[in-house]
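To start, the structure itself, in structure tokens.
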Amino acid sequence: MKVKSVIFFFIFHSFVFGQTGGENAFPFLDLGYNARTSALGRHYISYQDGDVNMGVNNPSLLNPEMHNTIGINQALHAAGINHGMVAYARKISENGVGAAHLRYVSYGTMDRTDVTGEVIGTFSAGDFILGVGYGEQLNPRINIGANLNLIWSQLESFTSFGVSADVAGTYIAEDERTTVVALVRNFGAQLKTYTDTDRNPLPVNPMLAVSHRLEHAPFLFSVVAHSLNRWDLTYTDPTAQPTTNLLGEVVPVEVPGFMEKFARHFIAQVEVFAGDAVRLRFAFDYQRRREFVVDNRPAMSGFSTGVGLNFKRFSVDYGLMVFSAAGFNNLLTLTTNMDKWKR
């Protein structure tokens, strides 16, 4: 198998949560498409500011501060494989903001071979999500929003098509330091499959999140509970057998308990506001750590970090998401408000 093919399958299956994946169509819907989200554990949905990319994560965060703002996002991979997003928002009424975005995954060009392994040509593969969104402020405390997404996937000559929607509501406390979010992501259907087989469900993901910014310190603490429609996110190898330790005692196969299943639903996130120009970001995703950790080399599996730099006319963000000692993901984001370039 060629190097590109190996990388292709590693990246594609990694983002499907490894062992608990493979059950849904279009798993790339839940990729981290911008640097800020990736630095904060892939599901960052509970802080409202002028970052247009946050409006893709949670459409109820769309607000007038994002008017005429564009975000360009790019992941850094090897061998011609890449994914990213372009997003744009515009105020369309007194309390309403519309947005559009394109998310994409390109797997590069791979060799086409026959049954004997002889190279007979090349082929490409890619996934695309074209979305529009709308967010409205109902009153000073409550915002609502929704995204509608058209999904297209092409793997060699096989194609699949679907639609999805994201629906969200955001509550902002009177002191504007606490935010509570309810979001249902990826509600929809696979309309056309790659082959004439049964359609698979989309990776529907109900989430709840809370953020709180300290009054006299530059810290924003957030926690998000994800995959609330599925209690057990653990995986037990059906071929696993009891073992015997050095004392001759039988060690049974470990069965995940209540706290293990509970903890896998949460991501802890911290943003540090180092003045107006710099933001430092850290997060820990317990589910990702448990899925990807290498037993004898746990390293920083499940952790992510990044930095945001704000300049006069634009901002630059970097995010690093660590899967295991064997793999990580880098993303860069450039965001600017087009009005700031006018003289």
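Okay, here's what the table says:
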| quantity | calculated |
| --- | --- |
| Of all residues making up the range 208-247, the number that are of a type in the set (D, E, K, R) and surrounded by fewer than 13 Cβ atoms within 10 Å (Cβ to Cβ) | 3 |
| Test result for ALA274, surrounded by fewer than 14 Cβ atoms within 10 Å (Cβ to Cβ), at pLDDT below 95 and over 26 Å from VAL322 (Cβ atoms) | no |
| Within the range 136-152, tally of residues that are crowded, with 23+ Cβ neighbours inside 10 Å and out of contact with any Leu (no Cβ under 8 Å at 6 or more places or on another chain) | 1 |
| Residue in the range 28-52 that is nearest to PHE282 (Cα to Cα), counting only those that are assigned to a loop (DSSP other than H, G, I, E, B) and of a type in the set (Ser, Thr, Tyr) | TYR44 |
| Condition check for ILE72: among the hydrophobic types (A, V, I, L, M, F, W, C), touching a residue at least 12 places away in the same chain (Cβ under 8 Å) and in a strand (DSSP E or B) | yes |
| Residue match in the range 293-313 (condition: in contact with a Phe, Trp or Tyr (Cβ under 7 Å, 6 or more places away or on another chain), within 18 Å of THR37 (Cβ to Cβ) and without any contact (Cβ under 8 Å) to a residue 60 or more places away in the chain) | yes |
| Cβ-Cβ under 9 Å pairs, at least 6 apart or on other chains, the range 119-142 side closer than 30 Å to ILE172 by Cα, far side crowded, with 20+ Cβ neighbours inside 10 Å and acidic (Asp, Glu) | GLY131/ASP166; GLY133/ASP166 |
| Long-range neighbours under 7 Å by Cβ, at least six apart or interchain, first residue under 15 Å from LEU130 (Cβ atoms) and in contact (Cβ under 8 Å) with a residue 60 or more places away in the chain within the range 90-117, second assigned to a strand (DSSP E or B) and among the β-branched types (Val, Ile, Thr) | ARG103/ILE129 |
| Which listed residue, of ALA75, ALA87, ALA35, ALA125, is over 30 Å from PHE158 (Cα atoms) and in contact with a Leu (Cβ under 9 Å, 6 or more places away or on another chain) | ALA35 |
| Within the range 75-108, tally of residues that are in a strand (DSSP E or B) and farther than 18 Å from ARG42 by Cα | 12 |
| Among (1) more than 30 Å from TYR104 (Cβ to Cβ); (2) small (Gly, Ala, Ser); (3) part of a strand (DSSP E or B), the one test that GLY306 misses | (1) |
| Residue pairs meeting the criteria (Cβ under 7 Å; at least 6 apart or on separate chains; first closer than 17 Å to ARG288 by Cβ, in the range 22-34; second of a type in the set (Ser, Thr, Tyr) and crowded, with 22+ Cβ neighbours inside 10 Å) | LEU29/SER164; GLY32/SER38 |
| Extreme residue, surrounded by the most Cβ atoms within 10 Å (Cβ to Cβ), among residues of the range 116-135 that are modelled with pLDDT of 90 or more and either among the aromatic types (Phe, Trp, Tyr) or part of a loop (DSSP other than H, G, I, E, B) (or both) | TYR134 |
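The values are calculated or read from the model by the stated rules, or taken from the named source; none is laboratory data. Please read these numbers as outputs of a predicted model, since none were measured by experiment. Every residue, glycine among them, receives a Cβ derived from its backbone with ideal geometry; neighbour counts consider all protein chains shown.
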